[in-house]
1. For the range 36-76: of the residues being β-branched (Val, Ile, Thr) and either within 12 Å of the chain's Cα centre (by Cα) or within 12 Å of the ligand (Cβ to nearest atom) (or both), which is farthest from Leu183 (Cα to Cα)?
2. How many residues does the range 132-176 contain that are hydrophobic (A, V, I, L, M, F, W, C), without any contact (Cβ under 8 Å) to a residue 40 or more places away in the chain and assigned to a loop (DSSP other than H, G, I, E, B)?
3. Only one of (1) within 23 Å of Phe105 (Cβ to Cβ); (2) within 16 Å of the ligand (Cβ to nearest atom) fails for Met193. Which number is that?
4. Taking the range 183-225 on its own, how many of its residues are in a helix (DSSP H, G or I) and either surrounded by fewer than 17 Cβ atoms within 10 Å (Cβ to Cβ) or in contact (Cβ under 8 Å) with a residue 12 or more places away in the chain (or both)?
5. If we scan the range 105-124, do we find a residue that is in a loop (DSSP other than H, G, I, E, B), at pLDDT 95 or above and either buried (at least 17 other Cβ atoms within 10 Å of the Cβ) or on the phi > 0 side of the Ramachandran plot (or both)?
6. Going through the range 28-55 one residue at a time, which ones are among the acidic types (Asp, Glu), part of a helix (DSSP H, G or I) and without any contact (Cβ under 8 Å) to a residue 40 or more places away in the chain?
7. Select, from Ile79, Ile128, the only residue that is out of contact with any helix residue (DSSP H, G or I) (no Cβ under 7 Å at 6 or more places or on another chain), within 9 Å of the ligand (Cβ to nearest atom), hydrophobic (A, V, I, L, M, F, W, C) and touching a residue at least 12 places away in the same chain (Cβ under 8 Å).
Amino acid sequence: MLKKPSLLKTSLLNSLSPDNPRNRLYDEAIKASQKGEFDNLNKRLRFYFLTQLVTKAVEEAPHLDLVECGCWHGHSSVIISSIMRKARCTGKLVIFDSFEGLSAFTESDLSEFKATKEQRDKAQRYFISNIDHVKSVLAPFGTAELHKGWIPEVFANQARRELSFVSIDVDMYEPTRAAIEFLYPQLRTGGIMYLDDYGYLDFPGAKKAIDEFLEKNKPRFFLENPVGSAFLIK
Ligand SMILES: C[S@@+](CC[C@H](N)C(=O)[O-])C[C@H]1O[C@@H](n2cnc3c(N)ncnc32)[C@H](O)[C@@H]1O
């Protein structure tokens, strides 16, 4: 007799099936932006949430802009842009990234997983990317506006917008705190903010910044998932 698979195994098989459209979009986007490299299961599961959140946000407000903080080689940017195109979204995808890797670790970012200076330097350099590469990957969509610079300085002189969706994936405490502070007021009521690294032990600063924000602000809904990210609905 066949043994019943565990609940976890069943759900992983469903969400990771190559026939699943969300999973297919993940694969197409990683191929377009990173030649299929740097895949990991954690990210795959987090983006299972991301795709659904972007879809909902652009369905509800297809005329508004979206913002992404932290694009690296453009994997999430391609996913977001594809969903915008499918929904005939007329807004822009405004992207902010240093393209020079992570900003400096502060006291709030320290963890046993990055115990030495060497490990922290390696993590900072790992996330260096190239703006021209991301521009060319996103060119076919015709909706991206890229801004190179460090958060929060790169926000100076930026127009205030009305946003349907914000993704924050900058790993560190300071830029996560600054990005939420700058962008939450620009999110429309009912708009969605995706918060990567929430609960991911490697980068504890992201969760700290988000928890501090939640102590002072009450979005309509906040949900933490078990794979290291969260989202809120304003
Ligand atoms: C984990 S990666 C983003 C991954 C991306 N969302 C993807 O789908 O592959 C983090 C990004 O945040 C950027 N970053 C970190 N700190 C930053 C800061 N203070 N200002 C601007 N960008 C920053 C890094 O350059 C890097 O591209």
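1. Once the filter is applied, the top-ranked residue is Thr51.
2. Summing the residues that are hydrophobic (A, V, I, L, M, F, W, C), without any contact (Cβ under 8 Å) to a residue 40 or more places away in the chain and assigned to a loop (DSSP other than H, G, I, E, B) in the range 132-176 gives 2.
3. Tallying (1) within 23 Å of Phe105 (Cβ to Cβ); (2) within 16 Å of the ligand (Cβ to nearest atom), Met193 fails exactly one: (1).
4. 16
5. No.
6. none
7. Just one listed residue meets the conditions, Ile128.
Residues are listed down the side, and each one gets a yes or a no for (1) over 22 Å from Arg46 (Cβ atoms); (2) hydrophobic (A, V, I, L, M, F, W, C):
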| site | (1), (2) |
| --- | --- |
| Ile131 | yes, yes |
| Glu145 | yes, no |
| Gly149 | yes, no |
| Gln158 | yes, no |
| Ser164 | no, no |
| Ser167 | no, no |
| Leu183 | no, yes |
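The values are calculated or read from the model by the stated rules, or taken from the named source; none is laboratory data. Just so it is clear, the structure is predicted and the values come from calculations on it, not from any experiment. Because the Cβ atoms are built from the backbone with ideal geometry, glycine has one as well, and the counts that use them run over all protein chains shown.
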